[in-house]
Amino acid sequence: MDYIVLAVPFFFALLVIELIYGIAIKKNTYRLNDAISNLFMGTLRTSNKLIIIGAGGYVFYWVETHFALWRMDGDSIITWIFAFVVYDFFYYWFHRISHERQIFWASHVAHHQSEDYNLSTALRQTGTGALVSWVFYVPMFFIGVPSYVFVSVASVNLIYQYWVHSEHIPKLGWYENYFVTASNHRVHHAQNEQYIDKNYGGVFIVWDRMFGTHKVEDENEACIYGIRGTLNSFNPIWANLHIYLKIFKEMWFSKNWKEKLYAPFARTGWTPASMPNAEPKSEFDANKFVKYNPVVDNRIKAYALFQYLFITYIFLAFIQSGYLDYQQLWVTISMMTFTMYCTSRWLDGKEGSRMEVMRLALCLIIGAYAYLEITLGQIAISVIIYSGINILILPFINRPQAMQEAQKT
């Protein structure tokens, strides 16, 4: 059983509690623009899973059915404990290689782009992870772990990782030596020289201790979050694709065939020697680091929040509930993605009025068609009302005073 669906209400409740707590103690770790970007990414990832059929499921079934050495007893607690520990072992290697090799980093990078560290960061997930992550878990089916046990322990592993994305939880004594905690996971998300590429475990930190990737959080050096080669955008599409584009450019423009073939599997940060006009590597300087934080009008921020709330309503009421067929899912999720893109333009301090008018017109057309032609009355009326509210609000939103440089918070 996948327990993540059951955990989602608790995720959001804890997020609100953390936000209130941070404000109360005057150490708020949230910015609206960054948090909405994180939540957009999480919604996009969950929606994509419903329309993209991954190869992993077919491979798992094939291996479990034809090549498993034996089948473990799914009713035995030993099987569950074994599967839980072994899953985390394979997760460690998946996670580590996702930082060390370009094709895997292209998928995983989305989770590390946030320059804040809070529970919304945990929800910032890749939309392309299903393309590659499954490869690392095939051995579990060879050794006979039942598929339903695998799905269950995988979801519990991911749920565990939620709480460690917080700056408010201190070191936890002896627990730090054996399990992943907020402290050692803060190190994992940091881009400081002494912290980078450390602490890959999902639940158990012992794998990092065994394989030389463990690092204790230094109380004298604060973690600086985000990625080197900063994204400088809240655009969820660009966030998911920018490393893939880098790899494509390296394969296309490099002059050496060995380098072309090597590019997807090269270490992260690699650049082909034969590539003309290669982009210079970003030099990280902790003393000069500035968060990406374009100055926009508060009305823009409120408008962006409204877009997220409506997208969440559409997701919960119509997508997750099974209200739509496969073709309708594609149209709805495509419009959600377009809404995220348009909203990100506002948050990036770019001119967004023309794109927004086009989006709202498209929403009205789709809503009217859904109501008149395919009798999707409930979602059609929701979209039409939503579009009308946006049209009324839009004239009162000033064009954001876009700034080319981020402002330090």
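Annotations for the structure displayed:
- Test: residue in the stretch 244-264 that is in a loop (DSSP other than H, G, I, E, B), under 28 Å from the mean Cα position of the chain (by Cα) and closer than 19 Å to residue 104 by Cβ: no
- Qualifying residue in the stretch 314-335 (condition: closer than 29 Å to residue 102 by Cβ and either in contact with a strand residue (DSSP E or B) (Cβ under 7 Å, 6 or more places away or on another chain) or of a type in the set (D, E, K, R) (or both)): no
- Options 99, 95: the member that is under 21 Å from residue 232 (Cα atoms), touching a residue at least 24 places away in the same chain (Cβ under 8 Å) and not polar (S, T, N, Q): 99
- Residue ID - surrounded by the fewest Cβ atoms within 10 Å (Cβ to Cβ), chosen from residues in the stretch 204-220 that are out of contact with any Asp or Glu (no Cβ under 8 Å at 6 or more places or on another chain) and touching a residue at least 60 places away in the same chain (Cβ under 8 Å): 211
- Residue in the stretch 21-43 that is touching a residue at least 12 places away in the same chain (Cβ under 8 Å) and closer than 13 Å to residue 146 by Cα present: no
- Restricting the first member to the stretch 360-386 and to residues that are assigned to a helix (DSSP H, G or I), and the second to residues that are loosely packed, with under 12 Cβ neighbours inside 10 Å, the beta-carbon pairs closer than 7 Å and six or more apart or on different chains are 371/377.
- Within the stretch 246-261, the set of residues being of a type outside the set (D, E, K, R) and more than 18 Å from residue 98 (Cβ to Cβ) comprises 248, 251, 252, 253, 254, 256, 257, 261.
- Test for residue 358: is it in contact with a helix residue (DSSP H, G or I) (Cβ under 8 Å, 6 or more places away or on another chain), under 28 Å from residue 244 (Cβ atoms) and modelled with pLDDT of 85 or more: no
- Pairs linking a residue in the stretch 258-278 that is touching a residue at least 40 places away in the same chain (Cβ under 8 Å) to a residue that is hydroxyl-bearing (Ser, Thr, Tyr) and surrounded by 15 or more Cβ atoms within 10 Å (Cβ to Cβ), with Cβ atoms under 8 Å and 6 or more positions apart or on different chains, are 263/254.
- If only residues of the stretch 310-322 that are surrounded by 15 or more Cβ atoms within 10 Å (Cβ to Cβ) and of a type in the set (Phe, Trp, Tyr) are counted, the one that is nearest to residue 375 (Cα to Cα) is 318.
- Selected residue (criterion: nearest to the chain's Cα centre (by Cα)) from residues of the stretch 84-119 that are hydrophobic (A, V, I, L, M, F, W, C), surrounded by 22 or more Cβ atoms within 10 Å (Cβ to Cβ) and within 16 Å of residue 134 (Cβ to Cβ): 106
- Residue within the stretch 226-239 that is without any contact (Cβ under 8 Å) to a residue 12 or more places away in the chain, surrounded by 14 or more Cβ atoms within 10 Å (Cβ to Cβ), not in a loop (DSSP other than H, G, I, E, B) and not aliphatic (A, V, I, L, M) present: yes
- Taken as a whole, the structure leaves residue 30 outside the set of residues that are assigned by TED's automatic domain parsing to the domain that holds residue 145 and more than 26 Å from residue 339 (Cβ to Cβ).
The values are calculated or read from the model by the stated rules, or taken from the named source; none is laboratory data. What you are looking at is a predicted structure, and each value in this text was computed from that prediction instead of being measured. As a convention, Cβ positions derive from the backbone with ideal geometry for all residues, glycine included, and neighbour counts pool all protein chains shown.
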